[in-house]
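Visitor: Sharing a structure with you now.
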């Protein structure tokens, strides 16, 4: 199994000019490995909303593509988002970090932890390209392929759980993040 940091480091190496939307745990890790104007940490109080925000950006600004990174707890808070994504083809690449926990809200197990087939759910929702990785070597080998080509795409990464985590703070104020993203997308 891989750590969340390892999974995200493999992604940062291949993300190119894609917008990266992070929430909850990934929102605390991503700024330590990437500081691009195309990075957007959607914190706080965004549990379950990363996919929806990512889809909106991908529909409005399709030339870059968007990678929306979220945890299994966040996805379970807004499962309907994967059906919406499948219904609105856009260059959106959903990256699910599944550790079986609500990691930053106290480490409680998610409902159905270890039994949910997130890949099967994404396929049943109609997402055409779905990938599952449970080890770092395979993820590194295939990460670039998963975020190339048309979207939507769903990538399920099984990662190690970390107890005792706190909700991260955004890397900068929201107004500054919005301005950086607008600048990175060349929106006047």
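Nothing in this text is a laboratory measurement; each read-out follows from the coordinates by a stated rule. Every value quoted in this text rests on a predicted model; they were computed, and no experiment measured them. Glycine gets a Cβ as well: all are built from the backbone with ideal geometry, and neighbour counts include every protein chain shown.
Visitor: Want the number for residue 134 to residue 60: 0.36 nm per residue separation, take away the alpha-carbon distance, what's left? All intermediate terms of the calculation are to be shown ahead of the outcome.
Guide: Details: separation 74, 0.36 × 74 = 26.64 nm, distance 3.25 nm.
That works out to 23.4 nm of additional length.
Visitor: To make sure I understand, if each residue's beta carbon is the centre and we count other beta carbons within 10 Å, what order do 141, 123, 158 fall in, fewest to most?
Guide: Details: 141 12, 123 16, 158 20.
Going from sparsest to densest Cβ surroundings: 141, 123, 158.
Visitor: Classify the range 120-164: rounded, prolate or oblate, from the alpha-carbon gyration tensor (a ≥ b ≥ c, eigenvalue square roots; a/c under 1.5 rounded; otherwise prolate if a/b is larger than b/c)? It would help to have the intermediate numbers written out before the result.
Guide: Details: a/c = 2.57, a/b = 1.38, b/c = 1.86.
Because a/c hits 1.5 or more and a/b fails to exceed b/c, the range 120-164 counts as oblate.
Visitor: Counting DSSP beta bridges in the chain, what percent are antiparallel, to the nearest 5?
Guide: Details: 2 of 27 bridges.
If I count the DSSP bridges inside the chain, around 5 percent turn out antiparallel.
Visitor: Let's test this: bin the Cα-Cα distances of the chain at 10 Å from zero up to the farthest pair and state each bin's percent.
Guide: Pair shares across the bins are 10, 41, 39, 9, 0.
Visitor: Sticking with this one: For residue 87 and residue 161, FRET efficiency with R0 = 25 Å and r from the beta-carbon atoms, rounded to 0.05? Before the final figure, lay out each step's value.
Guide: Values: r = 32 Å, r/R0 = 1.28.
So the FRET efficiency works out to roughly 0.20.
Visitor: While we're looking at this one, here's another question. Add -39500 (n - 2.57) for each DSSP H run of 4 or more in the chain, then divide by its residues: what number comes out at 222 nm, to the nearest 500 deg cm²/dmol? Before the final figure, lay out each step's value.
Guide: Details: 8 runs with 70 residues, N = 188.
The helix contribution divided over the chain gives -10500 deg cm²/dmol.
Visitor: While we're looking at this one, here's another question. Separation between the residue 1 and residue 142 pseudo-spin-labels, each 7 Å from Cα along Cα→Cβ, expressed in nm?
Guide: Distance between label points: 1.9 nm.
Visitor: Next question. List the relative contact order of the range 1-87 as a percent without decimals, with contacts defined as Cα pairs under 8 Å and 6+ residues apart.
Guide: Working: 106 pairs, mean separation 28.4, N = 87.
The normalised contact order for the range 1-87 reaches 33 percent.
Visitor: Starting from the 7 Å offset along Cα-to-Cβ, what nm value, one decimal, do you get for the label separation of residue 178 and residue 79?
Guide: Rounded to a tenth, the inter-label distance reads 3.3 nm.
Visitor: Between residue 33 and residue 115, what FRET efficiency comes out of the Förster formula 1/(1 + (r/R0)^6) with R0 = 35 Å and r the beta carbon distance, rounded to 0.05?
Guide: Details: r = 31 Å, r/R0 = 0.89.
Efficiency for this residue pair is about 0.65.
Visitor: Shape call for the range 1-64 from the C-alpha gyration tensor, a ≥ b ≥ c root eigenvalues: rounded (a/c under 1.5), prolate (a/b greater than b/c) or oblate? Write out the running numbers ahead of the final one.
Guide: Values: a/c = 1.86, a/b = 1.21, b/c = 1.53.
Taking the square roots of the gyration eigenvalues as a ≥ b ≥ c, the range 1-64 is oblate.
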